[in-house]
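No value in this document is a laboratory result; all are computed from the given coordinates. Just so it is clear, the structure is predicted and the values come from calculations on it, not from any experiment. Counting neighbours? That spans all protein chains shown, and the Cβs are built from the backbone with ideal geometry, glycine included.
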Amino acid sequence: MYETVDRLLDGPPPGASERELVDWIVRLEQVKCTAEAVQAEAAVRLEEAARVRQAEAGVPARKLGEGVASQIALARRVSPAKGAKLLGLAKILITEMPHTFALMKAGSFSQWQATILARETACLSREDRRVIDYELCATGPAGEPARAVAMGLRQLENAAKKLAITLDQAAVVSRAANAEKDRRVSLRPAPDTMTWLGALLPIKDGVAVFAALDQAANAARAAGDERSRGQVMADTLVDRITGRETGAKPRIEVKIVMTADSLANDADQAAMVEGYGPVPAAWAREALADAEVFVRRLFTDPAGQLVAMESRSRKAPDGLAEFIATRDGGVCRTVGCDAPIRNIDHVQRHADGGKTSAENLQGLCERCNQAKEAIGWRARPGPDGSITTITPTGHVYTSPPPDTWAQDPPPLSRVELTLRDVLLDHALAA
């Protein structure tokens, strides 16, 4: 099959046989791999061009290349952190792993396979990394396929690890020791008002924790507990961490955005829980009743809009900063970025006349906040709460208004305005 890319993207013709459909899938997978290789090449050239432009504009050497990863992220519709990883991988492939890159460009190796090789050789010298690149991804002298092409992902990872240990065991051991510094706990939303709680731990600690939970599950099941093994392990984890097994209710603080009717009565408007997202009002009422909870309420007006605030200072006051973080759902406003908010900053720069107001402030992660300060970046707020960002290349990206920002609310009566101000003062004073 030698169809052009456009022909392939039209899809298989009606009546195609099963064999032809499989061939179509194979060819499309090859095109995907080749496209990822070309994207990597374009990313490296983009950074080179940006560094030249920035140097000519007098940008200090240590700041050259700033903002490029964020441009790649916007173009590929991924988070800035992912954009930085893609740029880093691209530079490694082109400068240090030519055989891996050649496999990608030939359509035989995916970006994720290349990522595994780059990750497992990160602690090695450039020379040793090139050895592994050759051993696994170079074609044979008689044109035999590269070894890595026939490997599964786990096989590829193990093969790279073994070679890395053989070439420089000390570097691998040192990397393992340093990895303990990265131990952490994370939380991310899951469907149906559930969450994924994860922990990155040293192997001995992770195995010990799992073994303790498994032992508790075995004991409970042996005693006739009807819960599944997974349920017992999950409940035991929560009980031991929160102290719930002692009978005390956990004391938690919840920042929740909901109407007064949803909180106190039986209204059905969804509530917003910071760090998670929208939840049913009935679930929120039940959950709040099951714990000792300090509820920080930010009430909305009858149109569902959080009330705007403004400050004359450059830095947003604590109350206004908290207001912005809640309005933006605790998530960075940059298109495609899912990182938590770490900075509250102006959309239109304060130095350019931008006001310190709700309409001109946005919640950003640290990476995005730094990227927008690079030369050539511009942004402006929209009347509906959207934010338009223009990159140095002139590409335009628009972040839609957050769900808590209602468009064109109806005018409020004098009584409603008074009630709104009272509720806002109470909420911000809490």
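A few points about this structure:
- Extension gain (nm, one decimal) between E135 and R7, 0.36 nm per residue minus Cα-Cα: 42.5 nm
- The trypsin sites (Lys or Arg not before Pro) of segment 64-164 that meet both conditions, a loop assignment by DSSP and at most 11 other Cβ atoms within 10 Å of the site Cβ, are R77.
- Remark: spin-label model distance T193-N178 equals 4.5 nm, labels positioned 7 Å along the Cα→Cβ axis.
- Separation in nanometres of the label points that stand 7 Å from Cα toward Cβ, at S186 and V31: 3.2 nm
- Amide H partners (placed H, <5 Å) of L361, local residues excluded: V347
- Here the simple spin-label model places points 7 Å from the Cα toward Cβ, and for Q169 and L200 these points are separated by 2.7 nm.
- Applying the Kirkwood pairwise sum to the alpha-carbon positions of segment 57-135 produces a hydrodynamic radius of 13.7 angstrom.
- Stretch gain in nm, segment Q39-T115, where the contour uses 0.36 nm per residue and the Cα spacing is subtracted: 25.9 nm
- Cubic angstrom per residue, convex hull over Cα atoms of segment 140-184: 85 Å³
- Normalised by the number of residues in segment 9-117, the mean separation of alpha-carbon contacts (under 8 Å, six or more apart) gives a relative contact order of 34 percent.
- Whole-Å semi-axes of the ellipsoid equivalent to segment 98-245 (Cα gyration tensor, √5λ, descending): 42, 18, 15
- Förster-model FRET efficiency, 35 Å R0, E127 and A211, C-beta, rounded to 0.05: 0.30
- Loop-resident sites, segment 319-403, for GluC sites (Glu not before Pro), counting at most 15 other Cβ within 10 Å (DSSP): E373
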